[in-house]
1. Has segment 79-102 got at least one residue that is without any contact (Cβ under 8 Å) to a residue 12 or more places away in the chain, within 25 Å of the chain's Cα centre (by Cα) and more than 13 Å from the ligand (Cβ to nearest atom)?
2. Considering only segment 121-138, state which residues are basic (Lys, Arg) and more than 15 Å from Ala153 (Cα to Cα).
3. Can you pull out the residues in segment 385-419 that are within 16 Å of the ligand (Cβ to nearest atom) and open to solvent by 80 Å² or more (accessible area, probe 1.4 Å)?
4. Can you tell me which residues in segment 123-181 are among the β-branched types (Val, Ile, Thr), closer than 23 Å to Tyr300 by Cβ and either surrounded by fewer than 24 Cβ atoms within 10 Å (Cβ to Cβ) or away from the ligand (no atom under 14 Å from the Cβ) (or both)?
5. Do the conditions hold for Thr297, that is, is it within 14 Å of the ligand (Cβ to nearest atom), among the β-branched types (Val, Ile, Thr) and either modelled with pLDDT under 95 or farther than 18 Å from Val358 by Cβ (or both)?
6. Scanning for something of a type in the set (A, V, I, L, M) and touching a His at 6+ places or on another chain (Cβ under 6 Å), does segment 125-136 turn up at least one residue?
7. Restrict the check to segment 98-108 and report whether at least one residue is of a type outside the set (Val, Ile, Thr) and closer than 19 Å to Gly399 by Cβ.
8. Those residues that are more than 14 Å from the ligand (Cβ to nearest atom) and in contact with a strand residue (DSSP E or B) (Cβ under 7 Å, 6 or more places away or on another chain), I need them from segment 312-332; list them, please.
Amino acid sequence: MDKIIIHGRHALAGTVKISGSKNSALPILAATLLTEDPCVIQRVPDLSDVHYMLQILTHLGADVERASGIVTVQAEKVNSIAPYEIVRKMRASVCVLGPLLGREREATVSLPGGCVIGDRPIDLHLRGFEALGAAVRVHGGNVKILAPSLRGATVSLKGKFGTTVLGTDNVMMAAVLAEGVTIIEDAACEPEVVDLANFLNKMGAKIQGAGTPRIVIEGVKELHGAEHEVIPDRIEAGTFLVAGAIAGRQVTLTRVRADHLTAVTDALGSCGYQVAGGNGTLAIHPNGAPKSLDLKTQPYPGFPTDMQAQMCALLATAKGESSVTECIFPQRFMHVSELKRMGAAIELDGATARIHGVENLSGAPVMASDLRASAALVLAGLIAEGTTEINRVYHIDRGYEMLDEKLAGLGAQIERVKV
Ligand code: EPU
């Protein structure tokens, strides 16, 4: 298990290139199961979650090749059973359900367990499959889905906490090969859903409306191979913008989609930072300590839950009182107790973190608990006085490509130590 050691308070400056999106790449790789032909996916980030997905595809019978960010998958034949030993490593494995159901008319996938960011049910995914005519049975820790025929239908994916991103992906991937027209109401509008729909359309699917709450899918008989480049990772980009705000002179991101980051750049603007760019770049200009802010996470285009922990780290040293309310995963506050060990003054009040800005954080040994919480601790370490030691770094490697090397390239005093 590696650790990351950061000596804080070194200014960051320079340019950093944003990698392909994890949350786009995972369902897009799963979608390659929908055809016998080869598919070529470019700018696939080198992350352990991607590695798990490729293992699952291989287990399901696909030939997978990978060379410098380009992954070729050919699934001439597939088997439709994904067992626990493979699926348990990553919750996003559930997104093979849709393509298996679409292609094989059946799928058995071990149910994902709980996760530190909270309860993560898949009832909305199953609601979608049932609407298409599938029978769903949960037994022995597995979900088994059977649909001798799949028929287009209208289904709403609205749940207690809003819509579902991977649920929208899953229903879309099953519906592309259903008979007739499927309408997904209350669909997730995230850019990653649009990226998947674009890839599916390149494969011959007929999907309209992705990026809006109403997606219309006209089923086709079969799909063919396609090439696709994954969109830039907006959460990695947002994390580097916060790094620039915290410890920057000027940090410039390249290969970024500014239009996917409006909620984040607006929030940073409200904290007093100027973020501007064009032509695939975005720069953040430092402006001292942030102003306080009241923030709520929301489905896209609202402020992303995947940036909530990083904003808590930033606001820990804001002037005055801030509040951060988590509306998607109300328990996603594992970073708070670790930030408090670094001197942050944060109280949890249900799903709201009340943050009383302090002048300084101090370095401390801390424990990474999940991907974005870990990113928040790295950010806090950049601004803290002294040395921060982050344990359980494998959480970071699930979703950030070379985070330590990229930060070192900007001037951070950061090193990875093999334990
Ligand atoms: N939910 C249900 N029933 C369902 C599905 C979801 O009640 O059937 C609830 C969830 O418990 C949660 C809310 O609906 O309260 C939204 O969950 P969603 O299904 O949208 O999450 P997801 O699709 O499983 C993706 C990302 C997450 C990101 C969320 C929200 C991937 C691989 N994962 O998860 O990313 O937080 O959308 O935007 O795309 C991360 O990258 O760190 C990460 C956790």
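The values are calculated or read from the model by the stated rules, or taken from the named source; none is laboratory data. Treat the numbers as computed from the prediction; the structure is a model and nothing was measured. Positions of Cβ are backbone-derived with ideal geometry, glycine not excepted, and every protein chain shown enters the neighbour counts. These accessible areas exclude ligands, DNA and RNA; they are computed on the full protein's heavy atoms, side chains included. Shrake-Rupley method; radii C 1.70, N 1.55, O 1.52, S 1.80 Å.
1. Yes; the residues of segment 79-102 include at least one that is without any contact (Cβ under 8 Å) to a residue 12 or more places away in the chain, within 25 Å of the chain's Cα centre (by Cα) and more than 13 Å from the ligand (Cβ to nearest atom).
2. Listed by number, the list holds a single entry, Arg137.
3. Arg392, Tyr394
4. Thr154, Val155, Thr163, Val165, Val176
5. yes
6. No: segment 125-136 contains no residue that is of a type in the set (A, V, I, L, M) and touching a His at 6+ places or on another chain (Cβ under 6 Å).
7. no
8. Cys312, Leu315, Ala316, Ala318, Lys319, Glu321, Ser322, Ser323, Val324
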